[in-house]
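The values are calculated or read from the model by the stated rules, or taken from the named source; none is laboratory data. All of these numbers come straight from a predicted model, not from anything done at the bench. When we count neighbours, we look across all protein chains shown, and the Cβ atoms used for this are built from the backbone with ideal geometry, even at glycine. Only protein heavy atoms, including side chains, enter the accessible area calculation; ligands, DNA and RNA are left aside. Shrake-Rupley method; radii C 1.70, N 1.55, O 1.52, S 1.80 Å.
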Amino acid sequence: MKALTWQGKRSVSVETVPDPFIVEPTDAIIRVTSTAICGSDLHLYELLGPFLDAGDILGHEPMGVVVEVGSDVTALAVGDRVVVPFNIACGHCFMCRRGLQSQCETTQVTEYGSGAALFGYTKLYGQVPGGQAEYLRVPLADYNHIRVGDDLPDDRYLFLSDILPTAWQGVEYADVPEGGTLVVMGLGPVGQFAARIGVDRGLRVLAVDPEAVRREMAERHGVDAFDLTDDVVDELRDLTDGRGADAVVDAVGLEAHGNPAIEAAQSALGVLPDPAARAVMQTAGVEPVEDIETETPEADTEVANAA
Ligand SMILES: [Zn+2]
Ligand SMILES: [Zn+2]
């Protein structure tokens, strides 16, 4: 089959690779019909090279049709149309029973102290072949799928693989009181979803993004959107009786560009020998979370969204 593979820092290519096959009786194989690129994939492209091997198959936002099931799979049959979310979880361990599937104890990658395994996302998350490919092996397939109907095209379902539930969970955690005000920082895909979920829940949603086209998209769906200016914090405060919003969802992404110190650190890591880089990154945290400098924005601040 053809698959998108990582080949080195800033180097990916479509290559012919062996088709996946059933390894465990709980596996299924799907023929991928649609697959998305995530903001998180930028980390693989740029930063996480020490945790990838040339040839690793990328992608964690696929959907498709089941073409084969293992002997223990009971919830799926050949021909079923499914979305495959990025987490790989068992559904019955201590963490899964508490709704913490991203910490699944059955699939967690203890070697790196990470959470649950993820598709297409480095050795830190199990080095599981990803979904930017013609076929995908889905481990623990009874649990790791969302079956969908045949009624709508792929693009009406595909975002269930990551960014729609990611945005939903962000709004859920924000726990805005009924009729309250939610601010969404960043209007890329996850920010757009978070803002519209807020509107759908009857919240007043104010959003901030430097790109006019993104603000216009949000405004078409009932969001009040603001440019990222020196005055935006005052504007938002004025609109909320001086109190500020009830909650803020940061949908800018884990590595907003425009911070010279972070970029220098990332570049330095990129040129360290792999074992040393791995040690530093595990100690320092793989994905440095950068505060959004709303009061002194860089002129070149980019809003990149990661799920
Ligand atoms: Zn994603
Ligand atoms: Zn589990």
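Modelled label-to-label distance, residue 72 and residue 23, 7 Å Cα→beta-carbon offset: nm?
1.4
Hand me the GluC sites (Glu not before Pro) from the stretch 152-240 located in a DSSP loop with no more than 12 other Cβ atoms within 10 Å, in residue order please. Each step should come with its number before you reach the end.
Numbers: sites: 172, 178, 211, 216, 219, 235; in loops: 178, 211.
Those that pass, being in a loop and sparsely packed, are 178.
Over the stretch 164-250, give the accessible area per residue in Å² for a 1.4 Å probe, as an integer.
Ligands and nucleic acids excluded, the figure is 51 Å² per residue.
Where Lys and Arg each count +1 and Asp and Glu each count -1, what net charge lies around residue 222 among other residues with Cβ under 11 Å from its Cβ? Could the numbers behind the result be given before it?
Working: positive: 196, 204, 220; negative: 200, 219, 224.
Charge balance in the 11 Å sphere: 0.
Could you give me the radius of gyration and the Dmax of the stretch 2-161, taking only the C-alpha atoms into account and expressing both in angstrom?
Spelled out, the Cα radius of gyration and Dmax of the stretch 2-161 are 14.9, 43 Å.
Quick one: net charge of residue 212's neighbours, Cβ under 14 Å, K/R +1, D/E -1?
On the way: positive: 214, 215, 220; negative: 209, 211, 216, 219, 227.
In short, -2.
Let me spell out the model: positive unit charges on the Cβ of Lys and Arg, negative unit charges on the Cβ of Asp and Glu, origin at the Cα centre of the stretch 2-161. What dipole size does that give, in debye rounded to 20? Kindly include the intermediate steps, with their values, before the conclusion.
Numbers: 11 positive and 20 negative charges, 69 e Å.
Value, rounded to 20: 340 debye.
Quick one: pull the percent of accessible area on the stretch 2-161 belonging to carbon and sulfur, 1.4 Å probe, ligands and nucleic acids left out. Intermediate results must be reported in sequence, preceding the final value.
On the way: 3840 of 7280 Å².
That fraction is 53 percent.
Using the per-residue mean of other Cβ atoms lying within 10 Å as a proxy for protection, in what order, highest first, do the peptides 64-72, 43-51, 147-155 fall? Write out the running numbers ahead of the final one.
On the way: 64-72: 17.2, 43-51: 21.0, 147-155: 10.7.
Order by mean packing, descending: 43-51, 64-72, 147-155.
Could you tell me what percent of the accessible area of the stretch 164-250 is made up of carbon and sulfur, with a 1.4 Å probe and every protein chain present?
Details: 2010 of 4470 Å².
C and S fraction of accessible area: 45 percent.
Please quote Rg/Rh for the stretch 164-250 to two decimal places, taking the Kirkwood radius as Rh and restricting both calculations to Cα atoms.
Working: Rg = 11.6 Å, Rh = 12.5 Å.
Radius of gyration relative to Kirkwood radius: 0.93.
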